[in-house]
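Only one structure is covered here, and it is reproduced in the block below.
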Amino acid sequence: MRSQFTSESVSEGHPDKVCDQISDAILDAHLKDDPRAHVACETLVTTNFCLLAGEVKSHTDVDYEKVARDTIRSIGYDLPDLGFHFDENTYKIKIHSQSPDIDHGVVDNEGAGDQGLMFGFACSETDACMPYPIQLAHRLLEQLREVRRSGELPWARPDAKSQVTVEYDGFMPIMLEEILLSIHHDPDAENGPMAEEVTEKVIKPVLANCRPHLSWTGKLLYNPSGRFAIGGPHGDTGLTGRKIIVDTYGGTGRHGGGAFSGKDSTKVDRSAAYMARHIAKNIVKAGIAERCEIQLAYAIGKPDPVSVMVETFGTEHISDLTRLEPVIRDLFPLRPYRIIEYLDLRKPVFGLTSAFGHFGREQGEDGSFSWEKTDKAEELASRLL
């Protein structure tokens with residue numbers, strides 16, 4: 001059966017993503033000198049204002065205002081007309097110590113920092129084991145960032161959104177139906193010339209390197225509202241954790257509801273979601289299934305998951321799916337502190353995750369995106385195929 005599916009992404013200059021990046025920059029600032037810091041930091045931005053709030057347990061002092069200011073400037077919001085004047089009234093800090101009740105359950109019991117359910121997803125649609133629409137939506141905005149920062153698009157400003165519609169035959173992507181791009185721009189720029197430049201410098205280079213290579217109908221919706229000269233926090237208030245579908249699988253896989261940014265890895269919203277993705281990706285790379293979704297669920301203060309669920313959507317290549325869960329529990333550590341050790345999640349590598357998706361990225365030499373490794377695929381195959 002043929003159908004269409006759409007996913008969206010947002011750029012590093014989108015107000016919500018500004019907040020995610022500030023929250024993760026604060027997390028990284030603590031982890032740099034205190035790998036066992038507990039951090040839960042939320043950010044709000046609007047015109048010429050930034051509020052930081054949350055709970056921290058750390059022996060490292062961090063200049064929160066400087067971290068926020070440096071992050072905002074690194075994104076490109078360093079012009080007064082973009083909504084940040086950086087005066088003494090711009091920043092407000094409301095960060096305090098973590099609840100001792102939570103701390104007891106997490107530290108003493110090495111348990112989960114909260115209750116909740118997390119999902120991880122992988123599929124064979126792309127080399128990165130990501131759904132094609134969200135993978136392409138992210139890569140378009142990454143390319144936009146590169147040409148904006150290089151000066152090739154002098155009219156482009158940091159805020160942008162992408163949206164990709166793909167036609168499927170069952171689970172197989174067969175046609176790139178439409179691309180939508182909304183890009184924050186200089187007030188004097190005009191849509192027609194901007195769309196031509198974006199097609200040549202953003203869309204075509206990305207499509208040339210995208211695998212699988214799908215035929216594009218040529219349909220492009222560019223700035224469909226007609227004008228996007230007021231953008232970023234000056235145009236819309238941003239909050240940490242408001243782009244959870246952008247951060248994960250673009251709506252293809254389910255989501256447990258918990259956001260990632262600003263949280264250290266004792267919070268299973270983050271660490272267990274990373275582990276669930278790692279397990280699902282290894283199952284797909286092992287050839288056990290073409291699509292796989294893993295659910296993990298936890299109780300606050302308790303180390304072992306209360307449940308583990310595996311869904312393969314009828315794409316499995318083994319006859320007995322009941323064999324999967326015992327092998328997963330044997331091969332992959334599922335207690336929060338064991339996940340942290342296994343994926344090496346005490347390093348300050350989370351700023352990289354806070355724009356362009358937490359999944360489907362290359363594992364970095366610095367230890368970032370460790371959950372994308374597929375080092376268990378061979379053993380999974382040997383046990384199950």
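For the range 298-385, which trypsin sites (Lys or Arg not before Pro) pass both filters: DSSP loop (anything but H, G, I, E, B) and at most 14 other C-beta atoms within 10 Å? Write down the numbers at each step before the final one.
Working: sites: Arg323, Arg329, Arg338, Arg346, Arg361, Lys373, Lys376, Arg383; in loops: Arg346, Arg361, Lys373, Lys376.
Filter output for the range 298-385: Lys373.
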For the chain, set up a GNM with springs between Cα atoms under 10 Å and report which of Ile179, Ile318, Ile288 has the largest fluctuation.
Ile318
Mean separation of Cα contacts under 8 Å (at least 6 apart) over the residue count of the chain, i.e. the relative contact order in percent, is 26 percent
For the chain, what proportion of DSSP beta bridges, expressed in % and rounded to the nearest 5, is antiparallel?
80 percent
Provide the per-residue ³J(HN,Hα) series for the range 198-208, in order, calculated from phi with Karplus coefficients 6.51, -1.76, 1.60 and θ = phi - 60°, each as a whole number of Hz, with x at glycine and proline positions.
5, 4, 6, 9, 10, 5, 4, x, 5, 5, 5
³J(HN,Hα) computed for each position of the range 11-28 - Karplus, 6.51 cos²θ - 1.76 cosθ + 1.60, integer Hz, glycine/proline x
7, 5, x, 4, x, 5, 6, 4, 5, 4, 5, 5, 4, 6, 5, 5, 4, 4
Give the lysines reachable from Lys302 as a straight Cα distance under 22 Å; neighbours fewer than 8 places away on the same chain don't count.
Lys57, Lys263, Lys267
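Using Cα pairs under 8 angstrom and six or more residues apart, how large is the relative contact order of the range 157-254, in percent?
Result for the range 157-254 is 31 percent.
Take peptides 364-372, 185-193 and line them up by average Cβ neighbours within 10 Å, highest first, as a rough protection proxy. Mind dumping the intermediate values first?
Values: 364-372: 16.2, 185-193: 12.6.
The peptides rank, most packed first, as 364-372, 185-193.
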Note to self: with every protein chain in place and a 1.4 Å probe, the chain gives an accessible area per residue in Å² of 41 Å²
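Of the listed peptides 270-279, 295-304, what is their order by residue-averaged count of other C-beta atoms within 10 Å, with the highest listed first? Numbers along the way, then the final one.
On the way: 270-279: 27.2, 295-304: 18.6.
Going by the mean number of other Cβ atoms within 10 Å, highest first, we get 270-279, 295-304.
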In order over the range 252-263: 3J(HN,Hα) from phi, Karplus 6.51/-1.76/1.60, θ = phi - 60°, whole Hz, x for each Gly or Pro, gives 6, x, 6, 9, x, x, x, 7, 9, 5, x, 10
For a quick check: with amide H placed at 1.01 Å from N, whose amide H comes under 5 Å from Tyr91's, ignoring anything fewer than 5 positions away on the same chain?
Cys50
Mean projection area, nm², convex hull over Cα of the chain:
18.7 nm²
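At 1.4 Å probe size, with the rest of the protein present, what percent of the exposed accessible area of the chain is carbon and sulfur atoms?
Details: 7640 of 15760 Å².
C and S fraction of accessible area: 48 percent.
The values are calculated or read from the model by the stated rules, or taken from the named source; none is laboratory data. Bear in mind the structure is a predicted one, so any value in this text is a computation, not a measurement. Please note: Cβ atoms are built from the backbone with ideal geometry, for glycine as well, and neighbour counts cover all protein chains shown. Each accessible area value is taken on the protein alone, full model and side chains, heavy atoms only, with ligands, DNA and RNA left out. Shrake-Rupley method; radii C 1.70, N 1.55, O 1.52, S 1.80 Å.
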